[in-house]
Amino acid sequence: MITRRNFIINTSLAATAVLASPSFAFNRIKKEIGLQLYTLRDQLPANVKTTLEKVALSGYTNVETYGFSIKDQFWGLSPKDLKKILDKNDLKAVSGHYNLGSFLIDGNTTELVAAIEAAKILKSEFLTIPWVDELYRKEINDYKKIALRLNEAGKMCNDAGLKLAYHNHAFEFENHNGVTGYEILLNETDKDLVYFELDLYWVVHSGNDPVKLFKDNPERFKMWHVKDMDKVNHDLNTEIGSGPIDFVTIFKEAKLAGMNYFFVEQENNFAGGVFDSIKTSCEFISKKII
């Protein structure tokens with residue numbers, strides 16, 4: 001893939017000038033701002049009810065879940081109980097991250113069947129695979145196997161009225177004798193069964209350009225993770241609008257990407273408290289991007 005890091009990481013003055021332009025507003029994307037709840041992984045297990053109340057008060061209308069397990073469900077809550085709390089706060093879990101490692105490795109469907117059931121109870125649209133363990137992604141043949149599994153999982157999700165998505169990190173963009181794992185996943189999955197949730201931070205962190213991906217693979221990226229990069233230490237996050245990633249340029253290509261939903265995520269490096277950070281990110285997107 002062509003590296004265009006300088007195209008994405010630009011000066012704050014240039015970004016500010018573009019942000020001021022009212023012509024950036026677009027109508028295709030629902031003006032709904034989502035939050036990946038992994039951002040609140042230290043708060044949710046202790047008090048789901050209060051934490052989700054604060055998410056809604058911060059301006060979010062959509063969330064993406066994480067952490068479901070057959071044993072513990074969602075932080076000790078059943079999908080039905082979680083749905084009640086979400087409904088009370090006018091929050092929609094349009095997507096969820098579900099660990100399907102056993103399915104990707106050996107085809108065991110136990111976790112996948114449980115995840116589909118949970119996602120349906122939450123009335124989610126997408127069931128998203130967030131991660132592949134390092135042991136199972138060392139070479140191109142590993143990615144080919146993953147692509148086959150994704151097609152199988154996508155068929156099961158489709159039959160259940162759901163859509164399957166794959167969320168990236170940076171490792172998918174590593175070169176293996178002239179081809180990347182991400183290219184294999186894009187090229188060898190069924191476009192009608194497997195969708196992609198593009199983590200913009202990890203694309204830029206890997207030295208690639210999200211807009212180039214959109215142009216090469218139009219309408220494949222139905223969801224985005226909007227996560228900014230610390231200006232000094234690129235391995236750390238920051239609040240949206242405080243880092244060097246040019247989200248304005250990227251969001252202009254939402255239609256080309258096929259994006260329907262996006263989720264703010266911040267994993268670390270909170271300027272104040274975590275709730276101040278998610279509110280800051282939400283306000284920036286609301287005022288400057290959508």
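Solvent-accessible area assigned to carbon and sulfur over the stretch 157-223 amounts to 39 percent, based on a 1.4 Å probe. Of 100, 44, 162, the residue with the greatest mean-square motion in the GNM of the chain, using alpha carbon springs below 10 Å, is 44. Averaging the sequence gap over all C-alpha pairs within less than 8 Å and six or more residues apart, then dividing by the number of residues, gives the chain a relative contact order of 22 percent.
Mean separation of Cα pairs under 8 Å and 6 or more residues apart, divided by the residue count, gives the stretch 128-201 a relative contact order of 41 percent.
Annotation: for a label point projected 7 angstrom from Cα along Cα→Cβ of residue 169, residues of the stretch 248-272 with backbone N closer than 14 Å are 267. Legend: helices of the chain (whole DSSP H runs) are marked when their alpha-carbon atoms reach 15 angstrom or more along the helix axis and their mean Kyte-Doolittle hydropathy is at least 0.0; marked are 110-121. Put the Cα centre of the stretch 86-142 next to the Cα centre of the stretch 229-253 and the gap is 27 Å. Under the shape rule built on the C-alpha gyration tensor, where the axes satisfy a ≥ b ≥ c, the stretch 138-214 is oblate, since a/c reaches at least 1.5 while a/b does not exceed b/c.
Mind checking which lysines have their C-alpha under 20 Å from residue 215, skipping anything on the same chain fewer than 8 residues away? Cα-Cα hits under 20 Å: 191, 252, 255.
Shown here for the stretch 122-157: GluC sites (Glu not before Pro) in loop regions (DSSP other than H, G, I, E, B) with at most 11 other Cβ atoms within 10 Å, namely 139.
Mean separation of Cα pairs under 8 Å and 6 or more residues apart, divided by the residue count, gives the stretch 26-139 a relative contact order of 23 percent.
Residues in the stretch 204-219 carry Karplus couplings, in order, of 5, 4, 7, x, 10, 10, x, 5, 4, 4, 4, 5, 7, 9, x, 6 Hz; the curve used is 6.51 cos²θ - 1.76 cosθ + 1.60 with θ = phi - 60°, and Gly or Pro positions show x. Looking at the stretch 124-164, the accessible area is 49 square angstrom per residue; that uses a 1.4 Å probe and ignores ligands, DNA and RNA.
Counting other C-beta atoms within 10 Å, and keeping those with at most 14, which DSSP coil trypsin sites (Lys or Arg not before Pro) do you find in the stretch 28-120? Here the trypsin sites (Lys or Arg not before Pro) that fit, given the DSSP loop and packing criteria, are 28, 30, 31, 41, 71.
Amide H contacts of residue 166: 129, 195, 196, 197, each under 5 Å away and 5 or more positions distant or on a separate chain (H built 1.01 Å from N in the peptide plane; Pro and chain starts excluded).
Near residue 92, the amide H atoms lying under 5 Å from its own belong to 62, 63; only residues 5 or more places off or on other chains count, and H is placed 1.01 Å from N.
Where only DSSP H runs of four or more residues are counted, the chain gives -11000 deg cm²/dmol as its mean residue ellipticity at 222 nm, each run worth -39500 (n - 2.57).
The values are calculated or read from the model by the stated rules, or taken from the named source; none is laboratory data. From a predicted model like this one, the values you see are computed outputs, not experimental measurements. All Cβ positions, glycine included, derive from the backbone under ideal geometry; neighbour counts span all protein chains shown. Side chains are part of the model used for accessible areas, which takes the heavy atoms of the whole protein and leaves out ligands, DNA and RNA. Shrake-Rupley method; radii C 1.70, N 1.55, O 1.52, S 1.80 Å.
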